[in-house]
Amino acid sequence: MSPSDSNQDSALVPDVRFTTTHWSVVLLAGQADSPHATDALEKLCRTYWYPLYVYVRRQGNSPEDAQDLTQNFFSRLLEKNYFAKADPDRGKFRTFLLRSMKNFLVNEWKRAGRLKRGGGVEFLSIDANVAEDRYGAEPANQSNPDAAYEQRWAVTLIEQVLTALRQEFNAADKARLFEELKGFIWGDKSTASYAEIAGHLNLTEGTVKVSAHRLRQRFRELLRAEVAHTVARPEDIDGELRHLISVAS
């Protein structure tokens, strides 16, 4: 998908509804004691904790220490209301998270006395085996922690969208169609032609082409909506989309 595609779809997330998206809810709450903001922040953290885990591992920490640090970071983030310090004018959630983690790590290294696993309240549950299995599949040549974080952030957003698409197709009893066509929208490119897929599914080639077009269109809609959850203002969406695509490609 090109940046022009995202521009063409700019009306897919109307500004009038933008204040209901997750990160904008958090920022609008500011210093206020808002359960809606807390819920929104916790949902964002549960969705995007893994890019920070990758960042901490790339800093040379062991799996056990990375798990402790990531868990404790999120516990403090949610417990101490750090989001109230976020700057709406620099309001990308990925930027806020990474900047907050860097500050947290500096403080941890200075006092060299972080909580041991299980020593504090768990606001965010991290499955150590799942985390390390995923980390083991990361590109071995990506040594820059910041770059690794950015790339994993982008891939995480795309994975969220693909999961939502899969669920939509499953609900419509079109699971096989999705599996055949997903290579046309992202990831490993499909090696099968439309005609071959039509033969696999007992459909016409025209039907498959139309389905692929609609799938790509729906992917763009959902990706735009997912990005909208992580920026403070609607005018930030297109730029964040372009950045995401460039990092993930």
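Can you tell me the FRET efficiency between Glu179 and Ala147 if r is taken as the Cβ-Cβ distance and R0 is 35 Å, rounded to the nearest 0.05?
On the way: r = 31 Å, r/R0 = 0.89.
After rounding, the FRET efficiency stands at 0.65.
Using only the heavy atoms of the protein chains and a 1.4 Å probe, how would Glu108, Glu221 rank by accessible area, largest first? It would help to have the intermediate numbers written out before the result.
Details: Glu108 5, Glu221 50 Å².
Putting Glu108, Glu221 in descending order of accessible area: Glu221, Glu108.
Output ³J(HN,Hα) for segment 230-240: one whole-Hz value per residue in order, computed from phi by the Karplus curve 6.51 cos²θ - 1.76 cosθ + 1.60 with θ = phi - 60°, and x for Gly and Pro.
Along segment 230-240, the couplings run 10, 10, 7, 9, x, 6, 8, 5, 4, x, 5 Hz.
Taking the Kirkwood radius as the inverse of the mean 1/r across Cα pairs, report the Rg/Rh of segment 156-249.
Numbers: Rg = 14.6 Å, Rh = 14.2 Å.
We get a ratio of 1.03 for segment 156-249.
The values are calculated or read from the model by the stated rules, or taken from the named source; none is laboratory data. This one's a predicted model, so the numbers in the text were calculated from it and none came from an experiment. Note that each Cβ is placed from the backbone with ideal geometry, even for glycine, and that neighbours are counted across all protein chains shown. In case anyone asks, the SASA skips ligands and DNA or RNA and just uses the protein heavy atoms, side chains included. Shrake-Rupley method; radii C 1.70, N 1.55, O 1.52, S 1.80 Å.
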